[in-house]
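In what follows, a structure is listed as C-alpha cells, so that the remarks can point back to it.
The values are calculated or read from the model by the stated rules, or taken from the named source; none is laboratory data. Everything numeric here is computed off the predicted structure, so don't read it as measured data. So basically every Cβ, Gly included, is an ideal-geometry build from the backbone, and we count neighbours across all protein chains shown. Only protein heavy atoms, including side chains, enter the accessible area calculation; ligands, DNA and RNA are left aside. Shrake-Rupley method; radii C 1.70, N 1.55, O 1.52, S 1.80 Å.
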Amino acid sequence: MTKEQRSNKWAFLIYQESAPENYLEVLEDLHIPFVLSPWHDKDVNKQTGEFKKSHKHGALFFDSLKSYTQVSELLTKKLNSPAYVEIVMSPKGMYDYFTHAENPDKTSYDVNQIESGCGFELEKFLIEQASDTFLNEVIDLIEENEITEFEELVKFARKNNYLLLSLVIDKTFFFSKFLDSRRHNPTRKLRKGNET
C-alpha cells in the first residue's frame, strides 16, 4: 500500500500495555466516529504457542478522505499505537475479525464488549453484520410466542431486545408480510382449532 493512498475508513491496533488508560476519552476528543473490538487477550501465536500481547482492533470513520500518513501520525501521537494502519475494505470482515465470529480455530470474543463512540451507530452496525442471525432470532421469537400482529412484535422487541427492535424497524415489510401469512395460514388455523 502506498503511503498516499486515501480512504475515509481506516483500521488500526492498540496494545493494552502501551495505550493510555483513558483511550476512550482520547478517541472521543478526536470527534471521529470509531469502533473498537473487545480486548483480544487470548490470541495465541501459532509459531510459539504463547499468548499474544493484549490488543484491540479499531476503525475510524472520517467524513473526508485521509491519507495513510495522516491517520498513522494521528494515532501514534494520540494513542501510542503502532504506525501501521490499513484501509477498511469490508465492515463485515472487520466485525468478524473483532469477534472471530467466522473462525472456530480462534478464541471468540463477546460482541457486547465492542466499544464505540462519536456518533458511530453500533446497534445498526451489529445488525447489519449479523443480520442473518438476528433474522432467525426474530422468526423464532415470533413462532415461540405465537405472535401474529406487527404491534405485538414491536412491543415484545422493544421490551426485551433493542437490537432486535432495530432489525424489526429496518425489515418492517418482511416481518409484516410474515405475520400476515402466519395469521392467514389455513393449516395454522386448523392446528389451533384442534388444540382447543
Area of M94 that stays accessible when all protein chains are in place (1.4 Å probe, Å², to 10): 20 Å²
Accessible-area ranking of F174, F134, F156, largest first, probe 1.4 Å: F174, F156, F134
Residue pairs, from the table K66/K106; K52/K124; K9/K46; K9/K106; K106/K159; K77/K124, whose Cα atoms sit over 27 Å apart: K66/K106; K52/K124; K9/K46; K106/K159; K77/K124
The stretch 20-151: relative contact order as a whole-number percent, Cα under 8 Å and 6+ apart: 28 percent
With DNA, RNA and ligands ignored, accessible area of D180 (1.4 Å probe; Å², nearest 10): 60 Å²
The stretch 84-145: radius of gyration over Cα atoms, expressed as a fraction of 2.2 N^0.38 Å: 1.31
Carbon/sulfur fraction of accessible area - the stretch 32-108, other protein chains in place, 1.4 Å, %: 51 percent
In Å², nearest 10: area of K52 left accessible to a 1.4 Å probe: 100 Å²
Largest-first ordering by accessible area, 1.4 Å probe, given options T107, T133: T133, T107
In the stretch 12-51, GluC sites (Glu not before Pro) in a DSSP loop with at most 10 other beta-carbon atoms within 10 Å: E17, E21, E50
Average silhouette area of the stretch 1-94, convex hull of alpha-carbon atoms, in square nanometres: 6.6 nm²
Per residue convex hull volume, Cα atoms of the chain, in Å³: 165 Å³
